[in-house]
Structure formats: C-alpha cells, structure tokens
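Please treat every number below as a calculation from the coordinates, not as lab data. Predicted, not measured: the structure shown is a model, and the values here were computed from it. Here Cβ is always computed from backbone atoms with ideal geometry, including for glycine, and neighbour counts include all displayed protein chains.
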Amino acid sequence: MKIAISVKNNSICNLLDSSDEFIIIDTEKYHKTGELSNKIELNFNGEDIYNILSILKQYNVELLLCGIISHCLERYLRVLNIRFYGFLQGDYMEIVEYFMQNGSFQEHHIINNERYKHLLNKEENYVFSQRFKCKRCRRRNGQRI
C-alpha cells in the first residue's frame with residue numbers, strides 16, 4: 001500500500017487545500033527494511049489541489065495523511081477512492097513511523113483531539129467526518145436517516 005502525506009517544512013501541512021508538497025511512502029518496502037528511506041517527494045508549485053490529488057491516484061496512493069480538509073476535497077477523495085486520515089498535526093516522520101508500527105495515532109498528533117478521538121482507535125480503517133454527511137449521502141451509503 002502507498003501512503004501520501006501532505007507536508008510543509010517537515011510537518012504535516014495544516015490545511016490540505018493549500019498544500020503543494022507531498023511525500024509518498026510504500027509500506028511494503030518500509031516493512032522489509034524498517035526505514036522510511038524509500039520515499040518519493042513531490043513538489044507542485046501552485047498546482048490546483050484537484051490535479052494534485054489526481055496525480056497521487058496515478059501513483060496508486062491508497063491512503064492520505066493530512067491536516068484540516070475541506071468538504072469539497074473530502075468528497076473528491078471519495079470519488080478517487082483514496083482513504084484518508086485528516087486533522088493531523090506534527091512532524092510527519094514521527095506520525096508515519098508511529099502509524100506504521102501501531103496502526104493508530106498518538107493524542108498529540110490530532111488537532112482538537114476531543115472531537116476526533118476516534119482516530120486513536122486501531123479498529124477504525126479511515127475517517128470520513130460525520131458532520132459533513134447530508135441526508136442524500138447517508139441514504140446513498142445505505143445508512144438510515
């Protein structure tokens with residue numbers, strides 16, 4: 001599986017919508033070597049975020065780690081079938097290493113951790129924020145209103 005991280009100055013970028021630097025890590029290579037040396041660094045100077053996410057899909061990215069994410073980008077990631085963990089903060093190397101070893105995040109990695117405590121649960125595969133779901137979306141996903 002390939003993981004993409006939105007990065008700014010060696011930290012996870014606070015706002016995905018304004019991010020233009022991404023790092024792609026192949027988890028299979030990480031588990032074999034135990035190092036994050038096999039990574040691809042991509043820099044999109046001023047490129048549209050929708051084009052960037054489409055390019056990440058071409059790299060076969062399955063999971064995105066990012067900071068705050070807008071409703072529009074959240075929906076676009078669903079269309080691209082890219083899972084994501086949003087609302088993360090801190091040094092990206094520390095977050096990725098902890099995630100690779102434990103499948104979850106530490107409390108200080110989550111912005112406003114009271115609201116997003118469910119990210120700390122190992123059993124969660126990925127997060128789509130419930131606050132954005134409208135009646136039509138819930139019905140389409142097979143959930144009752």
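Which of the pairs 32/57; 2/57; 8/29 have their Cα atoms more than 21 Å apart in this structure?
Violating the 21 Å limit, Cα to Cα: 32/57; 8/29.
Quick one: 3J(HN,Hα) in Hz for the stretch 93-107, Karplus 6.51/-1.76/1.60 with θ = phi - 60°, rounded, Gly and Pro as x.
5, 4, 5, 5, 4, 5, 5, 5, 7, 10, x, 8, 10, 7, 4
Between residue 35 and residue 74, how high is the FRET efficiency from 1/(1 + (r/R0)^6) when r is the Cβ-Cβ distance and R₀ = 30 Å? Nearest 0.05.
It comes out at approximately 0.40.
Order of 75, 83 from fewest to most other C-beta atoms within 10 Å?
Final ranking by Cβ density, sparse to dense: 75, 83.
Using the 10 angstrom Cβ neighbour count as an exposure proxy, how do 32, 57 rank, fewest first?
Fewest-to-most ranking of 32, 57: 32, 57.
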